[in-house]
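Written below as structure tokens is the structure these notes are about.
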Amino acid sequence: RNAQSRLTLPSFHVRIGDDSLTPDTPRKVTVMRLCNVNELTMTVTRVNTDGDTELNPNNPKDIARIKSHATKDEPYSQTRRYLGLPAYKEVRDTMEIPGLKTGMYLVEFSTDNTSMRHEACLLHVSDIYVMTQSVSKERIRFAAVSATTGMPVSGAHIRLSAKDVSYEGTKIKKLATLTTDDKGEA
């Protein structure tokens, strides 16, 4: 009975890939594993929040705060149905997020089983890409470029956060916001 219970436990695992995306570029979402679920829904909602928000979309308190920043834009939703399968059958599938405008988006996955937890993540849609290069043990070069054209972006603000405190063994002594020059470098 325990083995059967494990085999038929309703569950799903989704891989969205990187948390950033260039504008107007569709993204394939892989349903790695889905078991004993009749319906899986993906909802993509634009939110008015900063790209460096510390809010965790999988924390119930934080998700409520994130959802309070939802824009009036109609969310994109896609539902897949998996009817008539044995309860133990594991399924793999794909879904697609359409090309989105620049901004922050909340991507949620939910099932028809109300006892299951929702899965969610934040997706950053931007044309800015930051490259880094270690110049010496004390210096790191940052370059902001357009992700679509590769051209430098002058006047871009690069904020170094606590998770950026080292790069290839180089310790960043203080956290700061850098502004790129005419060549897109800081």
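The values are calculated or read from the model by the stated rules, or taken from the named source; none is laboratory data. Only a predicted model underlies this, so the values are computations on that prediction, with no experimental measurement involved. Cβ atoms come from the backbone with ideal geometry, glycine included; neighbour counts cover every protein chain shown. Surface accessibility is based on the protein's heavy atoms, side chains included, excluding ligands, DNA and RNA. Shrake-Rupley method; radii C 1.70, N 1.55, O 1.52, S 1.80 Å.
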Select from Ala70, Ala87, Ala120 the residue whose mean-square fluctuation is largest in a Gaussian network model of the chain (Cα-Cα springs shorter than 10 Å). Ala87
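Show that you can apply the helix-only estimate: for the chain, add -39,500 (n - 2.57) for every DSSP H stretch of four or more residues, divide by all residues, and state [θ] at 222 nm to the nearest 500. All intermediate terms of the calculation are to be shown ahead of the outcome.
On the way: 2 runs with 14 residues, N = 186.
So the calculated ellipticity at 222 nm is -2000 deg cm²/dmol.
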With springs only between Cα atoms under 10 Å apart, run a GNM on the chain and tell me which of Thr102, Thr148, Thr114 wobbles the most. Thr114
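Using a 1.4 angstrom probe, figure out how much accessible area the chain has per residue, in square angstrom, rounded to the nearest whole.
On the way: 12090 Å² over 186 residues.
Accessible area per residue: 65 Å².
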Enumerate the calculated ³J(HN,Hα) couplings along the stretch 65-74 in order (Karplus 6.51 cos²θ - 1.76 cosθ + 1.60, θ = phi - 60°), each rounded to whole Hz, writing x wherever the residue is Gly or Pro. 5, 5, 5, 5, 9, 5, 7, 7, 4, 5
Point-to-point label distance, Ser5-Lys137, nm (Cα→Cβ direction, 7 Å offset): 5.7 nm
With just the Cα atoms defining each centre, how far is the stretch 59-81 from the stretch 116-155? Give it in Å. 25 Å
Counting only residues 5 or more places away or on other chains, whose amide H sits under 5 Å from the amide H of Leu100 once H atoms are built in the peptide plane? Asp24, Thr25
In a Gaussian network model of the chain with springs linking alpha carbons closer than 10 Å, the residue among Lys61, Lys101, Lys137 that fluctuates most is Lys137
